[in-house]
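Right, one structure below, let's go through it.
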Amino acid sequence: MYTITRQIGIDAGHRVTHHGSKCRNLHGHRYTIQATCEAESVIETGEQQGMVLDFGFLKDEMMEHIDAICDHGMMLWVDDPLVEGFLPKDLTLEDVKRFVASRGWSEIDDAVIGKMILLREVPTAENLAKHWFNRLEERVHRRSEGHAKLTIMEVWETPNCVATYTPDIPEFLGQTHGEGR
């Protein structure tokens, strides 16, 4: 089995709404995000010959679907009591909650409040790892022309604390890309 790993870093804020200590406050981290892809063999022909997936292709996807959306943004759980006070006047909390329930997340970029990412789950490192895995899984499959699969997403919240998401292996192997998650 061949594996590759690509890493990016973002700066973002969050809070863990019901946490019993200081994590319930708005605060930020320098997140390090690592995506690992694997394949049984390297690609035999074409632009990615000899590769599982071009590191540059993986970086492009991570930058577009993680960095561009979340870097220097505030990531909040859609049910966080603070959300309603941060919404632009033209959005209702009910509409935003419906959108997040159907899509899993929403990005709001407002001139007054700035960039806010609303998530279906509390934005812990564990939930962010799963969220970003789900955002990248199909894109890795497509960029490798079906050759590679995303297998591990790691989110370092601090230099000492990492959360890892890997899909349930029997479920993962039995699914076609883009279904079930």
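Observations
- Residue check for GLY28: without any contact (Cβ under 8 Å) to a residue 24 or more places away in the chain and assigned to a loop (DSSP other than H, G, I, E, B): no
- Among the residues making up region 110-126, those that are surrounded by 20 or more Cβ atoms within 10 Å (Cβ to Cβ) and either in a loop (DSSP other than H, G, I, E, B) or out of contact with any Gly (no Cβ under 8 Å at 6 or more places or on another chain) (or both) are LEU118, VAL122, PRO123, ALA125.
- Failed item in (1) aromatic (Phe, Trp, Tyr); (2) modelled with pLDDT under 95; (3) closer than 30 Å to GLY46 by Cβ, with TRP132 passing the rest: (2)
- Residues located in region 56-104, provided they are part of a helix (DSSP H, G or I) and β-branched (Val, Ile, Thr): ILE66, ILE69, VAL83, VAL96, VAL100
- Selection status of ILE43, more than 20 Å from the chain's Cα centre (by Cα), touching a residue at least 60 places away in the same chain (Cβ under 8 Å) and within 19 Å of LEU150 (Cα to Cα): yes
- Criterion violated by PHE55 - all others in (1) surrounded by fewer than 18 Cβ atoms within 10 Å (Cβ to Cβ); (2) out of contact with any strand residue (DSSP E or B) (no Cβ under 8 Å at 6 or more places or on another chain) satisfied: (2)
- Each residue in region 78-105 was checked for being touching a Leu at 6+ places or on another chain (Cβ under 7 Å) and closer than 30 Å to ARG143 by Cβ, and 3 of them qualify.
- Of all residues in region 131-163, those being outside any helix (DSSP H, G or I), polar (S, T, N, Q) and under 25 Å from GLU107 (Cβ atoms) number 1.
- TYR31 meets each of the listed conditions (1) under 20 Å from ARG142 (Cβ atoms); (2) within 15 Å of the chain's Cα centre (by Cα); (3) crowded, with 17+ Cβ neighbours inside 10 Å apart from (1).
The values are calculated or read from the model by the stated rules, or taken from the named source; none is laboratory data. All values reported here derive from a predicted model rather than from experimental measurement. No Cβ is skipped: glycine too gets one built from the backbone with ideal geometry, and neighbour counts run over all protein chains shown.
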